[in-house]
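Engineer: Structure in structure tokens, see below.
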Amino acid sequence: MAFLIRRFGFYLAAFVAAATINFFLPRLMPGDPIQIMFSSAGAELSPENLDALKLTFGFVDGPLWHQYLTYLQSIFTGDLGRSIKYFPLSVTSVLGNALIWTVGLMGTATLVSFTLGTFLGVLAAWRRGSVFDIVVSVGAIFATSVPAVVTSLIVLFFFGFTLGWFPTGYAADPSLDPSFSLTYIGSLIYHGILPMLTLCTVLTGGFAVTMRNNMINLLGEDYIVMGRAKGLSDSRVMLWYAARNALLPTVSSLAIAIGTVLGGSLVTEVVFNYPGLGNILYQAILARDYPVIQGQLLIMTIAMLVANFIVDVSYVLLDPRLRGTS
Amino acid sequence: MIKVLFTGLTRNRKALIGIIIIALIIIVALAAPLLTEYNPASRVGRPHQPPSADHWLGTTRIGQDVFSRLIHGAQTSLAVGFGAGLLITALGTALGIIAGYRGGKTDEVISFFTNMVLVVPNLPLLLVLASFIGQASPLVIAVILGFTSWAWGARVTRAETLSIKHKDFIKSAEMMGEPRWRIMMFEIFPNLISIVGINFIGSVIFAIITEATLEFLGLGDPKTVSWGMMLYNAQKASALSVGAWWDILTPCFALALLGIGLSLLNFAVDEIANPRLRTGNRLNRWTALIRSGDGRL
């Protein structure tokens, strides 16, 4: 328990540090950020809105520490201000809309890749040196070492443009209204296949290699030999003796992968013009929409911190050795 | 340890293929001015010509020679990759060894910063930094990468340092009164060479991919000749929808090839450092183990 409390303290400190970086970034920029934002927004901002904007960044009159506290207060009350690009909308609602798409796309892709990768890794380690192992290992090396930009573009080129099997952008047919009808859901799936394929190609290899290497390290342990010597069936030794224990370090990479879900698919979303968080961040950067950039960075940091904390908790729950020493 | 690594690398098929790929790319990059007469930055032909005898890989939207841009761009990708990789590894290794060996307050401070950097999402932060700087040149990108990406290496190096700092040879060096910097440089560092190697190659891959990604997203300097800028320009010229596949698939293929070459090398170093991961002919593996003194019967 003391271990968890210490970790929680660390994450709180990390959060404040990230928020502080967030606070200082626009201040380190050359020029007055508020003026830059004001000019890029054109005539859409009224003077009252300008004041509101200043408030969300802590650009209130007064010394720096006072500005900083105002900023921290607006974070902890969940007020992230208003977007400049999509003006009357608040940052929370802009990010909220995008969040649904990203979680749907990346969440599914992460879970599919994790399941598939772990399964392939277990089998490859079990038949180490076989043709299957070589295919999986080499395939994983290829898939993980090719940049996501390249994978996205190649998938888009072949399946989207050359073969013309799938749409080349948007999350659903823009002429349809969002609803729970079969046509709309069908359109969602149809538009989601290419980004999903890309993300699974990028992610599966990593999980497979981690699992394979964990498994191989464990297969040399005495209790595996013991299990075999007892005459247990291959599948029982493989799944219940080796895979179960090899899964532990993989759980942490899964949690980290889930933590990066909110920012991890940026490139794919941009290439496939998918309306998720990554694309919103990209558009915000191009439009110098600082409230959205800051809000997005905060959300991603929080997701990473929560994921890391879940790793810590799961380690304590799954690995009895940690309980005694803490 | 270093000797085992090198004999291992020459005997490992993955490493050999990886080294051949990387060597080929380096040679082509260095010989770029000899291999093509075209200036990579200027207009030398009609726009979007498919590959021909004059232009081996066709031309871009504004009539630049794709082959010339490819081999000149390789110089940029390699320079950023190895430069940033070196910076990342140097910082990570130094911090990791100091934290692991010194322990106490030093360790606490370094570990706190390491963990802090690890939990802040990297790519989005880089994007924001690059956009604030505006039209970041390859040098600027390499420096930003170097100073923001050392944390993983520091954590791994620290853990490895902890596992060897109580070994006898360190104790005896301490007894003989060797200064601490000497112990860290000449006793600990050579024993971590495989982890440093993995860290270095991994960092090079990361730097090359990230540079290309940042430039593809339009955050680079438009005057740069690099693979990332080639992707950006091709995408901006809608190369895919007008069917100019040579414009966009060329940098794609080059990035994939370099990534694969480096990864093969990385996996090979991992296998040499961790003999259990090796596959292949069992007898060969066994004799290799006996020779390197790792195989205890």
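The values are calculated or read from the model by the stated rules, or taken from the named source; none is laboratory data. A quick note: this is a predicted structure, and the numbers were derived from the prediction, not measured. Using ideal geometry, Cβ is built from the backbone for each residue, glycine included, and neighbour counts are taken over all protein chains shown.
Engineer: What helices (runs of 4 or more DSSP H) completely inside the stretch A:220-298 contain at least 3 residues that are at the interface with chain B (Cβ under 9 Å from one of its Cβ atoms) and of a type in the set (S, T, N, Q)?
Structural biologist: In the stretch A:220-298, no matching helices (runs of 4 or more DSSP H) lie anywhere.
Engineer: Pairs under 7 Å by beta carbon, first residue farther than 15 Å from A:V306 by Cβ and facing chain B (nearest Cβ under 9 Å) in the stretch A:9-33, partner part of a helix (DSSP H, G or I) and at pLDDT below 65, six or more apart or different chains?
Structural biologist: A:P26/A:P33
Engineer: Shifting gears a bit: Could you say whether any residue in the stretch A:175-183 is surrounded by fewer than 20 Cβ atoms within 10 Å (Cβ to Cβ), in contact (Cβ under 8 Å) with a residue 12 or more places away in the chain and out of contact with any helix residue (DSSP H, G or I) (no Cβ under 8 Å at 6 or more places or on another chain)? So that I can check it myself, show each step before the final result.
Structural biologist: So in the stretch A:175-183, the residues surrounded by fewer than 20 Cβ atoms within 10 Å (Cβ to Cβ) come out as A:175-183.
This time we only want the ones that are in contact (Cβ under 8 Å) with a residue 12 or more places away in the chain, so: none.
No; the residues of the stretch A:175-183 include none that is surrounded by fewer than 20 Cβ atoms within 10 Å (Cβ to Cβ), in contact (Cβ under 8 Å) with a residue 12 or more places away in the chain and out of contact with any helix residue (DSSP H, G or I) (no Cβ under 8 Å at 6 or more places or on another chain).
Engineer: Taking the stated definitions as given, is B:F6 within 16 Å of the chain's Cα centre (by Cα) and of a type in the set (F, W, Y)?
Structural biologist: On the way: within 16 Å of the chain's Cα centre (by Cα): no; of a type in the set (F, W, Y): yes.
Criteria not met by B:F6.
Engineer: Within the stretch A:117-157, track down each residue that is within 10 Å of chain B (Cβ to nearest Cβ) and under 24 Å from A:Y170 (Cβ atoms).
Structural biologist: Answer for the stretch A:117-157, where residues must be within 10 Å of chain B (Cβ to nearest Cβ) and under 24 Å from A:Y170 (Cβ atoms): A:P147, A:A148, A:V149, A:V150, A:T151, A:S152, A:L153, A:I154, A:L156, A:F157.
Engineer: Exactly one of (1) assigned to a helix (DSSP H, G or I); (2) over 21 Å from the mean Cα position of the chain (by Cα) is unmet by A:P195. Its number?
Structural biologist: (2)
Engineer: Identify, by number, the condition in (1) farther than 22 Å from A:F309 by Cβ; (2) touching a residue at least 12 places away in the same chain (Cβ under 8 Å) that B:I133 doesn't meet.
Structural biologist: For B:I133, the failing item is (2).
Engineer: Scan the stretch B:201-229 residue by residue and report those that are away from chain A (no Cβ under 11 Å), surrounded by 24 or more Cβ atoms within 10 Å (Cβ to Cβ) and out of contact with any Phe, Trp or Tyr (no Cβ under 9 Å at 6 or more places or on another chain).
Structural biologist: B:S226
Engineer: Would you check if there is a residue in the stretch B:264-275 being at pLDDT below 70, at the interface with chain A (Cβ under 8 Å from one of its Cβ atoms) and touching an Asp or Glu at 6+ places or on another chain (Cβ under 8 Å)?
Structural biologist: Within the stretch B:264-275 (the criterion being at pLDDT below 70, at the interface with chain A (Cβ under 8 Å from one of its Cβ atoms) and touching an Asp or Glu at 6+ places or on another chain (Cβ under 8 Å)), the answer is no, since none of the residues qualifies.
Engineer: For the stretch B:61-105, name all the residues that are touching a strand residue (DSSP E or B) at 6+ places or on another chain (Cβ under 8 Å) and touching a residue at least 40 places away in the same chain (Cβ under 8 Å). Can you show your working first?
Structural biologist: Quick first cut of the stretch B:61-105, residues touching a strand residue (DSSP E or B) at 6+ places or on another chain (Cβ under 8 Å) only: B:65-66.
Residue satisfying the conditions is B:V66 alone.
Engineer: Another question, then. Could you list, in sequence order, all residues of the stretch A:87-128 that are outside any helix (DSSP H, G or I) and hydrophobic (A, V, I, L, M, F, W, C)?
Structural biologist: Hits for the stretch A:87-128 are A:F87, A:L89.
Engineer: Here's a follow-up. Among the residues of the stretch B:221-243, is any farther than 29 Å from A:F142 by Cβ, of a type in the set (S, T, Y) and at pLDDT below 85?
Structural biologist: No: zero hits.
Matching residues to (1) modelled with pLDDT under 80; (2) touching a strand residue (DSSP E or B) at 6+ places or on another chain (Cβ under 9 Å); (3) closer than 21 Å to B:T213 by Cα:
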{"residue": "A:V271", "(1), (2), (3)": "no, no, yes"}
{"residue": "A:G276", "(1), (2), (3)": "no, no, yes"}
{"residue": "A:V306", "(1), (2), (3)": "no, no, no"}
{"residue": "A:Y315", "(1), (2), (3)": "yes, no, no"}
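Engineer: Shifting gears a bit: Could you look through the stretch B:108-125, keep only residues that are under 17 Å from B:A159 (Cβ atoms) and either buried (at least 18 other Cβ atoms within 10 Å of the Cβ) or among the hydroxyl-bearing types (S, T, Y) (or both), and pick out the one that is modelled with the highest pLDDT?
Structural biologist: This residue is B:I110.
Engineer: So, one more: Return the total of residues in the stretch B:239-252 being within 12 Å of B:T60 (Cβ to Cβ) and of a type outside the set (A, V, I, L, M).
Structural biologist: 4
Engineer: Here's something else I'd like to know. For the stretch A:186-231, which residues satisfy the criterion of being closer than 30 Å to A:P275 by Cα, surrounded by fewer than 20 Cβ atoms within 10 Å (Cβ to Cβ) and of a type in the set (F, W, Y)?
Structural biologist: A:Y190
Engineer: If a residue counts only when it is at pLDDT below 70, which helices (runs of 4 or more DSSP H) contained entirely in the stretch A:1-80 have at least 2 such residues? Full working, then the answer.
Structural biologist: Working: elements: A:2-28, A:33-41, A:47-56, A:64-76.
Result: A:2-28, A:33-41, A:47-56.
Engineer: Considering only residues that are more than 14 Å from chain A (Cβ to nearest Cβ) and not in a helix (DSSP H, G or I), look in the stretch B:123-168 and name the one that is farthest from A:Q294 (Cα to Cα).
Structural biologist: Filtering first and then ranking leaves B:K167.
Engineer: Just checking, how many residues over the stretch B:36-71 are within 22 Å of B:S241 (Cα to Cα), hydroxyl-bearing (S, T, Y) and either surrounded by 14 or more Cβ atoms within 10 Å (Cβ to Cβ) or in contact with a helix residue (DSSP H, G or I) (Cβ under 6 Å, 6 or more places away or on another chain) (or both)?
Structural biologist: 2
Engineer: Just to verify a result, which residue in the stretch B:240-263, among those that are in contact (Cβ under 8 Å) with a residue 60 or more places away in the chain and within 15 Å of A:T151 (Cα to Cα), is farthest from the other protein chains (Cβ to nearest Cβ)?
Structural biologist: B:T250
Engineer: Could I ask something else about it? Quick one: B:L87 ticks every box in (1) surrounded by fewer than 19 Cβ atoms within 10 Å (Cβ to Cβ); (2) out of contact with any Pro (no Cβ under 9 Å at 6 or more places or on another chain); (3) under 22 Å from B:I26 (Cα atoms); (4) modelled with pLDDT of 85 or more except a single one, so which number is it?
Structural biologist: All conditions pass for B:L87, except number (1).
Engineer: Exactly one of these conditions fails for A:Y71: (1) touching a helix residue (DSSP H, G or I) at 6+ places or on another chain (Cβ under 6 Å); (2) within 13 Å of chain B (Cβ to nearest Cβ); (3) not polar (S, T, N, Q). Give me its number.
Structural biologist: (2)
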